[in-house]
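Here's the structure, in structure tokens; my notes come after.
The values are calculated or read from the model by the stated rules, or taken from the named source; none is laboratory data. All figures in this text were calculated on a predicted structure; none of them were measured in a lab. When we count neighbours, we look across all protein chains shown, and the Cβ atoms used for this are built from the backbone with ideal geometry, even at glycine. In case anyone asks, the SASA skips ligands and DNA or RNA and just uses the protein heavy atoms, side chains included. Shrake-Rupley method; radii C 1.70, N 1.55, O 1.52, S 1.80 Å.
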Amino acid sequence: METERYKNLSGSLLCRQLIASGLSIRVAASICRKLVSSSLVIASVSGFPQAAIADSTATIQLTGTVPLILDISSNTVLIQVPLNGSDINNAIISSLAIRSNSADGYTVMVKSVNNGLLKLNINNIVYSVPYTFSYNGASPISLSTTQMVVEHQNSKSPDVLACAITGCYRYLSINVNGSDASTMPTGVYTDTLIFEIIDH
């Protein structure tokens, strides 16, 4: 083809050579336009950066979720308290096992069904023996039917994540004045403590 003879010439030199070769102006102009157009396309493609032609990187985002662990349990359900007229001082009645991996920490609360009293019902007459409660060696408190906070752990506490696997234990104890029970009729006096753990 005639265009192959002139494809390596520059635009202006190309047109002059075509006319000088004896071709008609119309034919020379047609060949010139074709070759110049072809050279512009090649130059345009070769001028693109490599990233526009083929991407050299790929990105994959991986995610994983650690489920929340938050539970509380008692190792003893029924505790016998000796109400024999003697004082009961810091008598350990049970322990709680706490497991948590919360990044925000947790709070433990407790309430008493009988408002902090050991009760006995005989023929619709209720007899009561008051007591105080200690959580893991803290100062004794009088419980009520309203929840009370007995432990608060924040996200910076090393105890939080340490409790996630094996659990952390909290000891529970009570105090009873012997004189409060010495005048009470015989029988089984009861109260129920309800503990709850919540995530912050």
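Skipping prolines and chain starts, which residues have an amide H placed within reach, meaning under 5 Å, of the one on Asn115, given they are 5 or more residues away or on another chain?
Close amide H contacts, sequence-distant or interchain: Thr145.
Sticking with the crude label model, points 7 Å out along Cα→Cβ, report the distance from Met184 to Ser94 in nm, one decimal please.
That separation, rounded to one decimal, is 1.7 nm.
In sequence order, what are the phi-derived ³J(HN,Hα) couplings for the range 141-152 according to the Karplus relation 6.51 cos²θ - 1.76 cosθ + 1.60 with θ = phi - 60°, rounded to whole Hz, with x for glycine and proline?
The phi angles translate into 9, 8, 7, 9, 6, 8, 4, 10, 7, 10, 8, 9 Hz.
I need the trypsin sites (Lys or Arg not before Pro) found in the range 97-142, filtered to DSSP loop residues with at most 15 other beta carbons within 10 Å of theirs. Let's see the in-between values first.
Values: sites: Arg99, Lys111, Lys119; in loops: none.
Hits after loop and neighbour filter: nothing returned.
Starting from 0.36 nm per residue, how many nanometres of slack lie between Leu161 and Asn123 once their C-alpha separation is accounted for? Display every interim value, and only then the final one.
Numbers: separation 38, 0.36 × 38 = 13.68 nm, distance 5.06 nm.
Once the chain is fully extended between Leu161 and Asn123, it gains 8.6 nm.
Per residue, how much accessible area does the range 52-200 show when a 1.4 Å probe rolls over the protein heavy atoms, in square angstrom? Spell out each step's value before the answer.
On the way: 9290 Å² over 149 residues.
Value for the range 52-200: 62 Å² per residue.
Would you mind telling me the share, in percent, of accessible area of the range 75-200 contributed by carbon and sulfur at probe 1.4 angstrom? Intermediate results must be reported in sequence, preceding the final value.
Values: 3690 of 7050 Å².
The C+S portion of the solvent-accessible surface of the range 75-200 is 52 percent.
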